[in-house]
Every structure is written in structure tokens, then in C-alpha cells.
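Worksheet for the structure shown next.
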Amino acid sequence: MHLLEFRNISMHFGGIKAIEDLDMRVKENQIMSIIGPNGAGKTTIFNCITGLTKPVKGSIFFSGKDIVNLQPHEIAKLGIARTFQNIRLFKEMAVLENIIVAQHCRTSSGLVDTVFGLGRFRREERIIREKAIEYLEFVGLYDFANTVSGSLPYGAQRKLEIARALASEPSLILLDEPTAGMNPQETGQVMELIENMKKLGKTVLLIEHDMKVVMGISEWIVVMDHGVKIAEGIPEDIKNNQLVIEAYLGKEY
Ligand SMILES: Nc1ncnc2c1ncn2[C@@H]1O[C@H](COP(=O)(O)OP(=O)(O)OP(=O)(O)O)[C@@H](O)[C@H]1O
Ligand SMILES: [Mg+2]
């Protein structure tokens, strides 16, 4: 069964065809990567999944339900979380608080509950805090729970973003270049993290430029170029695909 399916998705910005007639499937509990040169349409795919941009055409099925007309918060509630290519943290807030505020946006306690149902509110507070701590441990940042986020090294800030996404307990997690700007050691840690997410039962969709990461952990790879899917397959096949090599010519790959 496919957890996520794109049918005939197109997204245009003025005259730019950011995505053109894309069909794509992600299997449940799979680690799948989307690769391609700059401007290929990779981030636009994530923006369509999460409802930040509405495709001009096509359907996106998540667990069999078309989500293309849903609002971002409705899509998040179904169990999809993401990180961004550019880090989006509250830099002046402590590490733990960054995760907690993100979860507040999606819990059920409204103002009425807060005033008249303090018991439930406190219970939710406690659960949110416990989850935040759990996922900080998961990404190896527990010791920095009270550190101001903006003072963390860049690689650690990226890990915090991952913890924040995980704390909403999504079944599908979208990671947009999670190892960008990381040193080889941190990159290795993120590869391990992604494999641990799979062990937790998550489905991981990854946009990544580092071919060591892509070829090392992907079970399936989709290759985009100028908004079009030019290839897909297992790492071994993608490595030797002539169209892919041409799309990357001039790059170190
Ligand atoms: N909000 C927008 N308004 C106008 N054009 C956009 C917008 N978002 C993306 N584009 C354009 O759509 C195309 C695909 O962009 P996208 O960000 O999806 O590429 P990408 O594959 O993620 O690239 P990169 O590897 O550089 O992150 C590019 O030509 C980009 O300039
Ligand atoms: Mg991008």
C-alpha cells in the first residue's frame, strides 16, 4: 500500500513550470529520496504535500485520501510533518521550548478548555513536555534542553528542527536537505537518525544533495530536472542512469 501518491501534479509560477505532470508514489515505512539540480522542483513538491502551495492540477493522496484542497494545519493533523531548507527556529528561545511551542499549535485545548478545563490542559501540557524531551533525546540534544537555540552550532540547530517535526508524531516526515552545512560526522549522525525513524515505523521523504547520504540510505530515488521526473529506481540503477548523469554534469557527482 502506498502512503503517499502524486497523480498528475503540476505547479506553475508565472511562466515557470516548477512541477509538470508528476506521478510519484511513496511506500509506507520507506526511506525515499528526491534528488535533482537546483531549481528542479524538489522543495515545491514538499510545499504541495504540506498545503503551502496549491498545485494547478492533479491529486495528492495520503492514506488513500485526496489532500490537495486541505489547509496546511489539516494536513499536519493527518500526520505529515516537515523541516525547511532554511532553518526556522525561534532562535532566542531555549531548545526545549522550541519544540513545545510548535506542539501547542496542534493540540486540541482551546481557550474554553484552558479556562474551564484546567485538568485537561495541565495533562496536555505534561504530555507535550514529555514528548519534547523524548525527541530531544532521540536526536541527541537532551543536554542542550535549556540552551538558547540560536547559540547552538548550525548542525545542532538542524537536528532540533528534526526533533520538532518528530514531536508531532507524524507517520510521514519530509526532510528538506537536512545535512546541508553539516560536517561529515554530523551528516553520519543524521543518516543514523533517519534509519532510526524508519525503525520507529515512520515513512521518510528526503530531499538531499549529498550523494553519500542519498545512495547510502534510500530505498527508492526519484530524480527531478526542470520540474520533470527524469528517472526513478533503486540507488544502484540511479547511479548508472545516463539521463541522471547528464542532469548532474558539471557537478561533482
Ligand atoms: N514561490 C515561488 N514563486 C515563484 N517561483 C518559485 C516559487 N517557488 C519556487 N519557484 C521556482 O520554481 C522552480 C523550482 O523551485 P524549487 O525551490 O522547488 O527547486 P529545488 O529543486 O528545491 O531547488 P534547490 O535545490 O535550489 O532547493 C524554480 O525555478 C524556482 O525559482
Ligand atoms: Mg529546495
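The values are calculated or read from the model by the stated rules, or taken from the named source; none is laboratory data. Owing to the predicted nature of the structure, the values given are computational and were not obtained by experimental measurement. Because the Cβ atoms are built from the backbone with ideal geometry, glycine has one as well, and the counts that use them run over all protein chains shown.
Checking V95 against (1) out of contact with any helix residue (DSSP H, G or I) (no Cβ under 7 Å at 6 or more places or on another chain); (2) in contact (Cβ under 8 Å) with a residue 40 or more places away in the chain; (3) among the β-branched types (V, I, T); (4) buried (at least 16 other Cβ atoms within 10 Å of the Cβ), which test does it fail?
The failed condition is (1).
Before we move on, is N29 away from ligand 1 (no atom under 16 Å from the Cβ) and closer than 23 Å to H209 by Cα?
So N29 fits the description; yes.
Please give the number of the condition G181 fails out of (1) in contact (Cβ under 8 Å) with a residue 24 or more places away in the chain; (2) surrounded by fewer than 21 Cβ atoms within 10 Å (Cβ to Cβ); (3) more than 16 Å from ligand 2 (Cβ to nearest atom).
(3)
Between a residue in region 219-247 that is of a type in the set (F, W, Y) and any residue that is in a loop (DSSP other than H, G, I, E, B), which pairs come within a Cβ distance under 9 Å, given they are 6 or more apart or on different chains?
Listed pairs, sorted by first residue: W220/Q30; W220/I234.
Checking K91 against (1) farther than 21 Å from S218 by Cα; (2) in contact with a Gly (Cβ under 7 Å, 6 or more places away or on another chain); (3) within 16 Å of ligand 1 (Cβ to nearest atom); (4) of a type in the set (K, R), only one condition comes out false. Which one?
Here K91 clears every test but (3).
For region 1-104, list the helices (runs of 4 or more DSSP H) that sit wholly inside it and hold at least 2 residues that are in contact with a Pro (Cβ under 8 Å, 6 or more places away or on another chain); which are they?
Values: elements: 42-49, 72-77, 95-104.
Per the criteria, no element qualifies.
Determine if region 69-80 includes at least one residue that is over 22 Å from V204 (Cα atoms) and at pLDDT 95 or above.
Taking every residue of region 69-80 in turn, at least one turns out to be over 22 Å from V204 (Cα atoms) and at pLDDT 95 or above.
In region 41-75, which residue that is within 16 Å of ligand 1 (Cβ to nearest atom) and touching a Gly at 6+ places or on another chain (Cβ under 7 Å) is nearest to H12 (Cα to Cα)? Talk me through it step by step, then tell me what you get.
To start, the set of residues in region 41-75 that are within 16 Å of ligand 1 (Cβ to nearest atom) comprises 41-58, 60, 72.
Now narrow it down to the ones that are touching a Gly at 6+ places or on another chain (Cβ under 7 Å): 41-42, 72.
Details: G41: 10, K42: 13, P72: 19 Å.
Here the answer is G41.
Can you tell me which of L174, L141 is surrounded by 20 or more Cβ atoms within 10 Å (Cβ to Cβ) and closer than 22 Å to K27 by Cβ?
Being surrounded by 20 or more Cβ atoms within 10 Å (Cβ to Cβ) and closer than 22 Å to K27 by Cβ holds for just one of L174, L141, which is L174.
Quick test for you: out of L175, L141, L193, L200, pick the one residue that is under 30 Å from H104 (Cα atoms), of a type in the set (A, V, I, L, M, F, W, C) and not assigned by TED's automatic domain parsing to the domain that holds G36.
On the way: L175 fails: not assigned by TED's automatic domain parsing to the domain that holds G36; L193 fails: not assigned by TED's automatic domain parsing to the domain that holds G36; L200 fails: not assigned by TED's automatic domain parsing to the domain that holds G36.
When all the criteria are applied, what remains is L141.
What's the total number of residues in region 76-88 that are of a type in the set (S, T, N, Q) and more than 16 Å from ligand 1 (Cβ to nearest atom)? Steps first, answer last, please.
Filtering region 76-88 for residues of a type in the set (S, T, N, Q) gives 83, 85-86.
Narrowing the set further to residues that are more than 16 Å from ligand 1 (Cβ to nearest atom) leaves none.
Residues that pass the stated criteria total 0.
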